[in-house]
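The values are calculated or read from the model by the stated rules, or taken from the named source; none is laboratory data. Values in this document were obtained by computation on a predicted structure and should not be read as measured data. Quick reminder, even Gly has a Cβ in these numbers, built from the backbone with ideal geometry, and neighbours come from all protein chains shown. Remember, those area values only see protein heavy atoms, side chains included, never the ligands or the DNA or RNA. Shrake-Rupley method; radii C 1.70, N 1.55, O 1.52, S 1.80 Å.
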Amino acid sequence: MKPILALILLSCSIHAISQLIKPGQWRGDIHYTNVKVPLTFEIGYPSGEIPEITFINGSERNTVTNARIEGDSIIIPLDPFDVEIRARYTAMGLSGVYKKYYRDLTLPFTAEFGKPRLAKTSVRSSAPVEKKWDITFSPESPGMSKGVGLFTQRGHIITGTIMTQVSDYRFFEGILDGDSLKLSCFDGAHAFAFIGKRTPEGWVGEMIYDDGYSEPWTAVYSEEVELEDPFEMVQVDPGVETPYYDLLAAGEGKGAIDPSRYEGKVLIIQLFGTWCPNSLDQTKYLVKWYQQNQDRKVAILAASFEANYSQEYGLERLKEYREMNNIPYDMVLGGRLSKTGAAMPFPFMERIEAFPTLVILDKSGYVRYVHSYFNGPATGEYYQAFDQRFNEIIESLLAE
């Protein structure tokens, strides 16, 4: 067979195989041991060959353009996380696995064409849901924690997010079904479910984080509820604290950071993980911000703390993450995933509250602010408030 003819036949074969996966909306499920967490995605063929997959969570759209067909299977990388879906396909169904390589975790995955994310079963009408919720997680436990729910209702469709002091849970979507609330979120690295029931006092329910990991919650409506300001959770005395840079880059070794690069500059240090969707939200913000401000006396240094850790793995993940997100500022490998370990370069902190955390230094090299958790794009006005406060702080430090 002539080479050109062989290439034409191969191209036609790929086109025919891929088009067998029906374009349109699909409902997928991540199968935990006792529950399935639903998600929604669309399949399309803008290039006419390999499908594009767009995952939908409320107003968020994340499109995968590098899926590939291998025999009777489709492989869907969930970049920039070290995660993928591998599934055999038919025209109307997918069946396979959801694999988190950074945790060495494999879970069953299925999907069906044309199915809704969640279906309303109750014939009873539902009372309106108020926008702001005061949520208590594990209310009867010493590990009790607070959250703020921000929800929008359109008929029986509910979208929104939950803010906590370990960052927000990004974009939830689901339904109000009679007196029951059913929400889910899939961001590539996590599949969450937030389910509840209305009571005379408010709401009670369960937050499902992972296979075998959940906790109870209660909630009441409150327009006044707020979390502690992430800029105020750690107090720092001006002109006292400086980072230990060798500890900050412990994953790479002594001398990996040259502090002289930052002399006379306001330095923003990001403590993050390539496995963390909130870190990705903040990274996207910092990349855009730095592109607009890099000609000023500012610098950014990001230190990653990785799960499933080895130096080889961590450095490879950092390289891939930089390339996927077009990161123009400095990055180093901090070490193994640990909130205590991430705080070690900063003697005034025993541990950080969340990934990501920002530590902001003045032009003399002293720590001036710590931003302890991130309200990302899903939080709307809170995300805008972060942007305003962050820029005010940088402007004040540049003026000194």
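Please go through segment 236-270 and write out the trypsin sites (Lys or Arg not before Pro) that DSSP classes as loop and that have at most 15 other C-beta atoms within 10 Å.
Here the sparse-neighbourhood loop sites are K254.
Measuring with a 1.4 Å probe in the full set of protein chains, what accessible area per residue, in whole Å², belongs to segment 253-400?
Numbers: 6220 Å² over 148 residues.
I get 42 Å² per residue for this part.
Under 8 Å for C-alpha pairs, at least 6 residues apart: give me the relative contact order for the chain, rounded to a whole percent.
13
With a ≥ b ≥ c taken as the square roots of the eigenvalues of the C-alpha gyration tensor of segment 14-165, please select rounded if a/c is under 1.5 and otherwise prolate if a/b is larger than b/c or oblate if it is not?
The shape class here is prolate.
Using a 1.4 Å probe on the protein heavy atoms only, what accessible surface does K297 show? Give it in Å² to the nearest 10.
120
Per-residue ellipticity at 222 nm for the chain, helices alone: DSSP H runs ≥ 4 residues times -39500 (n - 2.57), over residue total, nearest 500 deg cm²/dmol?
Result for the chain: -6000 deg cm²/dmol, rounded to the nearest 500.
Let a ≥ b ≥ c be the square roots of the eigenvalues of the Cα gyration tensor of segment 317-400; is it rounded (a/c under 1.5), or, if not, prolate (a/b larger than b/c) or oblate?
rounded
When the dipole is taken about the Cα centre of segment 169-236, and only Lys, Arg (+1) and Asp, Glu (-1) are charged at their Cβ, what size is it in debye, to the nearest 20?
340
What percent do you get for the relative contact order of segment 116-270 when only Cα pairs under 8 Å and 6+ apart count?
18
With Rg/Rh (Cα atoms, Kirkwood Rh) as the read-out, I listed (1) 1.14; (2) 1.00; (3) 0.97; which label goes with the value calculated from this structure?
Of the labelled values, this structure produces (2).
Of T33, T110, which has the most accessible area and how do the rest follow, probe 1.4 Å?
These residues rank, largest area first, as T33, T110.
From largest accessible area down, sort D72, D237, D187; use a 1.4 Å probe on the protein chains.
From most exposed to least exposed: D237, D72, D187.
Compare M349, M233 by solvent-accessible area with a 1.4 Å probe and give them largest first, with all protein chains kept in place.
If we order M349, M233 from most to least accessible, we get M233, M349.
So how much accessible area does H31 have, in Å² to the nearest 10, using a 1.4 Å probe?
So the heavy atoms of H31 present about 50 Å² to solvent.
Modelled label-to-label distance, Q292 and R61, 7 Å Cα→beta-carbon offset: nm?
2.3
With a sphere of radius 14 Å drawn around the Cβ of L398, what net charge do the other residues whose Cβ falls strictly inside it have (Lys, Arg +1; Asp, Glu -1)?
Details: positive: K265, R296, K297, K363, R368; negative: D295, D362, E392, E395, E400.
So the surrounding residues net to 0.
Label 7 Å along Cα→Cβ of D211; segment 20-62 residues with amide nitrogen under 12 Å?
30-35
So, with +1 on the Cβ of K and R and -1 on the Cβ of D and E, and no other charges, what is the size of the charge dipole of the chain about its Cα centre, to the nearest 20 debye?
Approximately 1300 debye in magnitude.
How large is the accessible surface of R296 in square angstrom, using a 1.4 angstrom probe and rounding to the nearest 10?
Its heavy atoms expose roughly 90 Å² to the probe.
Given K288/K319; K22/K99; K146/K288; K100/K319; K265/K339, which pairs have Cα atoms separated by over 25 Å? Walk me through the numbers before you get to the answer.
On the way: K288/K319 19 Å; K22/K99 23 Å; K146/K288 31 Å; K100/K319 19 Å; K265/K339 27 Å.
Checking Cα-Cα distances, K146/K288; K265/K339 exceed 25 Å.
To the nearest 20 debye, what charge dipole does segment 273-363 have about its Cα centre, counting +1 at the Cβ of each Lys and Arg and -1 at the Cβ of each Asp and Glu? Could the numbers behind the result be given before it?
Numbers: 11 positive and 11 negative charges, 43 e Å.
The dipole of segment 273-363 has a size of about 200 debye.
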